[in-house]
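A short write-up of the structure that comes next.
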Amino acid sequence: MIYSSIGLIGLIVLLIVNFDIFKKNNNDAIEDNVKLAYKNFLYGVIGYFITDILWGIFYDAGLTTATYLTTVFYFIIMALSLLLWTRYVSEYLNRNVIVNKAFMIVGYSFVGFIIISLIFNCLTPIVFWLDEAGVYHTGELRFLILAIQVFLFFLTALYSLIVIIKERGRGVLRISAIGFYGLLMVASVILQAFYSLLPLYSVGLMIGTCVIHTFVMEDEKEASHRELKIHLEKEQRQIEEIISTRIMAYTDPLTGAKNAHAYVEAEQDIDKRIEEKTLTEFSVIVFDLNDLKVINDTEGHNKGDEYIREAYELISDTFDNSIVYRIGGDEFVTILEGEDYLNREELFNMFEEKVLDNQKEGKVVISSGKEDFDSSNDKKYRLVFTRADKKMYDKKKELKENKSIF
């Protein structure tokens, strides 16, 4: 049972090591040719291990007929697994179309040769036979079959070496592993030729598939992860650049308030929400700076810019839960929702008191007008804005009259 045990161990090791290859991956509904070729190669190796296990069991049990039939399948599956290996190498290296086709032709020819030889073997034992005692014997053609295997495995190793000479980087490690597998199997086949009753071919397959998985498949996976990480980092930088660009495009450079472009989009969004009846309450406050032209004319535009920034700070500090838009040289708008809307009267009164104090102290003076949205009459944002704007002009007139008193 030692013979069968080696095949069983090889089968278990292959299934454990390559579990991720056989596992169903919903994100990989369509497999690429290389992965599919590798998986098919593994199926061929699995078939070989199973056949080798059964052969050992039947041979030790003295079941001559079962042993004979299993040996037939053994040679066929061995040839198929070699064909699937050459196909995988062709798909993975994929450097020369003519070479790839040559590998396929030789591989299929080898399988055909095996089948024809086994048919003739039923008439004349040219590959193998079992004597009356059930002892296994090898025929002369078996050595030719092994020689062809050695030749094919050596070709894959040689092909890998040629590709390595032209390769640079981490790809060399993966291609070297493929070449190592070819040379390992060459050694296994040669040893198997001299020790036909030892599972040396299975040992070679077990070690070789572990090497391929570790240094080819796992390295490919790590390389993919690295590429994905680089791609995600690049994408993140692009997103950050887009966000940064968008912020700049929607921000007033002087004050840091949202600019007129952002205000237009906000108005469109509010109109859409009004139409969809998802917005039922908000207030609009329109602000206009008093005496900005006078300051620009008498003290210069730098002082005027400072005056505009102070006005923005006063507005944003008061209505700190709402977005403030600068929609003109001296005009600002804020739209109150949520907490600021609920506290709108208190906030607005506090703001107007601060403006009156500023007027007495000779600081920034801002006219303002507030208007609430009326869901029963207002179908557009602009209607609310117009009423608030009118109130702002009334306030501007009032503040001018107060100025003459002070």
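No lab work stands behind these numbers, since they all come straight from the coordinates. Keep in mind it's a predicted model, so treat the numbers as computed, not measured. So basically every Cβ, Gly included, is an ideal-geometry build from the backbone, and we count neighbours across all protein chains shown.
Taking loop as defined by DSSP and a crowding limit of 12 other beta carbons within 10 Å, which GluC sites (Glu not before Pro) in segment 213-302 fit?
Those that pass, being in a loop and sparsely packed, are GLU276.
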Item checked: Stretchable slack from THR278 to LYS390, in nm (0.36 nm times residue separation minus alpha-carbon distance) -> 37.6 nm
Notebook entry, point to check: Contour minus end-to-end for ALA249 and ILE115, with contour as 0.36 nm per residue of separation and end-to-end as the Cα-Cα distance?
Noted result: 40.9 nm
Notebook entry, point to check: Under the rule of -39500 (n - 2.57) per DSSP H run of 4 or more residues, summed and divided by the residues of the chain, what mean residue ellipticity at 222 nm is obtained, to the nearest 500 deg cm²/dmol?
Noted result: -24500 deg cm²/dmol
Next item on the list: Determine which aspartates and glutamates satisfy two conditions relative to LYS397: a Cα distance under 20 Å, and not lying fewer than 8 residues away in the same chain.
Entry: ASP288, ASP291, ASP330, GLU331, GLU352, GLU353, ASP357, GLU361, GLU371, ASP389
Next item on the list: Go ahead and set up a Gaussian network model of the chain, Cα springs under 10 Å, then flag whichever of ILE207, ILE175, ILE315 fluctuates most.
Entry: ILE315
Checklist line | Top of ASN33, ASN349, ASN259 by mean-square fluctuation, Gaussian network on the chain, Cα under 10 Å | finding: ASN349
Next item on the list: Step through the table entries LYS354/LYS380; LYS23/LYS166; LYS272/LYS370, compare each Cα-Cα distance with 27 Å, and write down the pairs that go over it.
Entry: LYS354/LYS380; LYS23/LYS166
Checklist line | (1) 5, 23, 33, 27, 11, 1, 0; (2) 4, 17, 18, 10, 6, 5, 8, 10, 10, 8, 4, 1, 0, 0; (3) 5, 25, 36, 26, 7, 0, with the label sought being that of the calculated P(r) over Cα pairs in 10 Å bins from 0, in percent | finding: (2)
Item checked: Flagged links, alpha-carbon separation over 29 Å, of LYS379/LYS400; LYS101/LYS229; LYS277/LYS400; LYS363/LYS390 -> LYS379/LYS400; LYS101/LYS229; LYS277/LYS400
Note to self: Using 0.36 nm times the number of residues separating ASP219 and MET350, minus their current alpha carbon distance, what extension gain do you get?
What the structure shows: 40.5 nm
Item checked: Approximate spin-label separation THR124-GLU398, in nm, with each point projected 7 Å along Cα-to-Cβ -> 12.0
Margin query: Angle check, please: helix 2-17 long axis (alpha carbons) against the longest principal axis of the chain (alpha carbons), in degrees 0 to 90, nearest 10.
Written below: 10
Margin query: Nearest 10 degrees is fine. How inclined is helix 381-405 to the longest principal axis of the chain, computing both from alpha carbons?
Written below: 40
Margin query: Percent of Cα-Cα pairs more than 26 Å apart in segment 260-405, please.
Written below: 25
Check: Magnitude of the Cβ-charge dipole of segment 267-406, K/R +1 and D/E -1, about the Cα centre, nearest 20 debye?
Finding: 500
Next item on the list: Give the angle, between 0 and 90 degrees and rounded to the nearest 10, that separates the Cα long axis of helix 140-166 from the longest principal axis of the Cα atoms of the chain.
Entry: 30
Check: In square nanometres, what is one fourth of the surface area of the convex hull spanned by the alpha carbons of segment 2-234?
Finding: 13.8
Notebook entry, point to check: Of PHE348, PHE49, PHE128, which has the largest mean-square fluctuation in a 10 Å C-alpha GNM of the chain?
Noted result: PHE348
Checklist line | Given charges at beta-carbon only (K, R positive; D, E negative), |dipole| of segment 2-234 in Debye | finding: 740
Item checked: Label zone at ILE21 (point 7 Å along Cα-to-Cβ), backbone N below 15 Å, segment 79-97 -> 81-93
Check: For segment 225-301, with equal point scatterers placed on the C-alpha atoms only and solvent neglected, what are the log10 I(q)/I(0) values from the Debye formula at q = 0.12, 0.16, 0.18 1/Å, to two decimals?
Finding: -0.66, -0.87, -0.94
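Can you bin segment 1-115 into rounded, prolate or oblate? Criterion: square roots of the alpha carbon gyration tensor eigenvalues sorted a ≥ b ≥ c, rounded for a/c under 1.5, prolate for a/b above b/c, oblate for the rest.
oblate
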